[in-house]
1. Going by the alpha-carbon gyration tensor, a ≥ b ≥ c the square roots of its eigenvalues, is the chain rounded (a/c under 1.5) or, if a/c is not under 1.5, prolate (a/b greater than b/c) versus oblate?
2. May I ask what percent, to the nearest 5, of DSSP beta bridges between residues of the chain are antiparallel?
3. Can you tell me which of 84, 284, 366 moves the most in a GNM of the chain? Springs connect C-alpha atoms under 10 Å apart.
4. Quick one: give the max-minus-min coordinate of the C-alpha atoms of the stretch 33-161 along each principal axis, largest first, in Å.
5. If amide H atoms are built 1.01 Å from N in the plane of the peptide, which residues on other chains or at least 5 residues away come under 5 Å of the amide H of residue 243?
6. Send over the semi-axes of the stretch 83-228's equivalent ellipsoid, whole angstrom and largest first, taken as the square roots of 5 times the C-alpha gyration tensor eigenvalues.
7. 5 Å is the cut-off here: which amide hydrogens, built 1.01 Å from N in the peptide plane, fall below it relative to residue 199, excluding neighbours closer than 5 in sequence?
8. Determine the dipole magnitude for the chain: charges of +1 sit on the beta-carbon of Lys and Arg, -1 on that of Asp and Glu, nothing else is charged, the reference point is the Cα centre, and the result goes in debye to the nearest 20.
Amino acid sequence: MVPSLLTTMTKPRLFLLSLLLSFTLPALCAAQTQPQATAPHAIVLHAARLLDVKNGRVLTPGEVVVEGERIVEVGPSVKHPAGADIIDLGDRTLLPGLIDAHVHLFLHPGAEDLQTVQESIPQRTIIALLAARDDLMAGFTAERDMGTEGAGSADTAVRNAIDDGLIPGPRLRISGNAIDILGGHEDANKYNPAQHVLSNATYANNKDELVAAIRQQFKEGADFIKIYETGPDTVRSGQLSTVYQYSEAELRTAVEETARTGKRVAVHATGEPGTLFAARAGVASIDHANQLGDETMRLMREKQIFAVPTFTIFDYFAEHAATASQAAREHTMLDLHQKEFRKQIAAGVPMAVGSDVGPFPHGTQAREFVLMVKYGMSPLAVLQADLLNGAKLLGWDGQIGALEAGYLADIIAVSGDPLQDIGAVGNVSFVMKGGVVYKK
């Protein structure tokens, strides 16, 4: 009988069963909307407002015609095809699905290093599925997963399951395990060495090992390569000090090997000289970018290398520090970061939006938009950085990031006007991805 079966199950099995049920039931509900993507008739979305992100204006009202997975017409008033489903979203704003260019689906709030030791890869993969669902329901229809933190290429399975329509989640660009040096930023440096605790990244200590690691990552399904270029960080007399991990020549080798297959490198890099090495090598993005020198900013502007500030993670750590001294350190780091950010804006450094969600709860990362406005960008500039630059960074330029005919029907609706109040992006009430309605 069922009661006796449950009572004989071990706690780990009950835990996994509960996780599977919590994921499977919402997934089945989302799957019920699948016919909308394949139905022969169109869908017309109507709302009080529609964001034209490229031209920086809001249309009033706004309508979008969707057929299959793509947009076929956009405007204040569009022709309603015969038999079309009409979805009236009332006093809301239609805009493209949001993009988070820096996420960690395999992390959750808590002791970041400890969870990678205590939790198995299958367990972490189930949690990643739930995280992907939460991000989608918050309006993020495309994301770049910046390393599984020790779960190897498990993100390949998550991406493929989403692409195959088996589970709900954003479009994903994945990097597998990130790459790091022995004793580097993601290594298990603070544990008893006799226990041989594994690094949260893949070791590569020279050019040859970098090439081998990159080839292995691509074999296992990675879309791009994530490299840790700096760490640890300290602030001395108002200046950031951080140790670089790879030389410029080593990074250039990584970029060239990655480019051989038409792919790119993203780096975790907080300050000089690592950021300069990365810019000279020609990476796609410098993530965190707490402090950039003048030459680094010039190169980033010239080569269109994106800075991804990830303010939300710094803000979260500052507000959730375990001790007063740690809180003071985190606030000092955040203060320096926002001051340097204003210099980067003035220098014309191209920006993309990424939150580093994972150590803080998935589905809450719209705060990144609010913080980027707080620290110096206009709401329109942040939305353009997210949608237009984000689409370029993820390799989907001309496919997502705007509401235009021919683009994929990744569309959300929010209360209010995000050009007047950027906080509106944190109140997503409608989500469509590829013509399928996931939230209404």
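The values are calculated or read from the model by the stated rules, or taken from the named source; none is laboratory data. For clarity, every value in this text was computed on a predicted model and none was experimentally measured. Methodologically, a virtual Cβ is constructed for each residue, glycine included, from the backbone with ideal geometry; neighbour enumeration extends over all protein chains shown. Areas reflect the complete protein model, heavy atoms only, side chains present, ligands, DNA and RNA absent. Shrake-Rupley method; radii C 1.70, N 1.55, O 1.52, S 1.80 Å.
1. Details: a/c = 1.71, a/b = 1.23, b/c = 1.38.
Oblate.
2. On the way: 31 of 62 bridges.
Expressed as a percentage, antiparallel bridges in the chain total about 50.
3. In the Gaussian network model the winner is 84.
4. Dimensions of the stretch 33-161 along the principal axes of its Cα atoms: 56, 33, 22 Å.
5. When sequence neighbours closer than 5 places are left aside, the close amide H contacts are 231.
6. Numbers: eigenvalues 224, 57, 34 Å².
After diagonalising the Cα gyration tensor, the semi-axes are 33, 17, 13 Å.
7. 188
8. Values: 38 positive and 51 negative charges, 51 e Å.
About 240 debye.
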